[in-house]
Amino acid sequence: MNIVDLTLPIDIKTPTFPGGPKPEIKQVATIRVDGWNEKRISIGSHFSTHVDAPFHMLEAGKKLDDYPIDKFIGEAMVIDVKNKYLYSNIKKPRDFTRLTQELRIIGV
């Protein structure tokens with residue numbers, strides 16, 4: 001079995017959803033001054049690799065902790081769409097719906 005980790009690093013260069021807040025990372029303690037290193041990280045909920053639960057769009061929807069972890073592990077297909085026409089036209093949430101429809105049309 002080939003395991004693919006789809007997570008991205010957390011830094012100020014990590015892409016965000018169009019229109020979403022940019023990540024903020026601030027050094028709040030240093031070894032020289034405080035005796036330890038610590039950073040404050042502020043990110044939006046659509047930052048980096050993530051999963052949206054139904055609660056994201058439905059007031060009475062399930063939250064992520066309502067699902068067992070094994071629901072997020074399994075077989076998958078990885079489609080590399082970086083620098084492709086379909087991906088470059090994603091600007092708004094409805095564009096993801098169009099992308100999904102186009103991938104179905106081409107048999108993915």
Enumeration of residues in the stretch 31-81 that are farther than 28 Å from ASN2 by Cα and loosely packed, with under 10 Cβ neighbours inside 10 Å: ILE31, ARG32, VAL33, GLY35, TRP36, MET57, LEU58, GLU59, ALA60
Selection within the stretch 31-46 - closer than 24 Å to GLY74 by Cβ and touching a residue at least 24 places away in the same chain (Cβ under 8 Å): HIS46
Residues (at negative phi and among the small types (Gly, Ala, Ser)) located in the stretch 1-51: GLY20, ALA29, SER42, GLY44, SER45
Looking only at the stretch 1-30, and only at residues there that are among the hydroxyl-bearing types (Ser, Thr, Tyr) and either closer than 21 Å to PHE72 by Cα or over 16 Å from the mean Cα position of the chain (by Cα) (or both), the one that is surrounded by the fewest Cβ atoms within 10 Å (Cβ to Cβ): THR7
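The rows are residues; the columns are (1) in a helix (DSSP H, G or I); (2) at pLDDT below 75; (3) farther than 30 Å from ALA29 by Cβ.
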position	(1), (2), (3)
HIS50	no, no, no
GLU75	no, no, yes
ILE79	no, yes, yes
ARG104	yes, yes, yes
One residue from LYS62, LYS84, LYS39, LYS71 being at pLDDT below 75 and of a type in the set (D, E, K, R): LYS84
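The values are calculated or read from the model by the stated rules, or taken from the named source; none is laboratory data. Model, not experiment: these values are computed from the prediction. Virtual Cβ from ideal backbone geometry, glycine too; neighbours counted across all protein chains shown.
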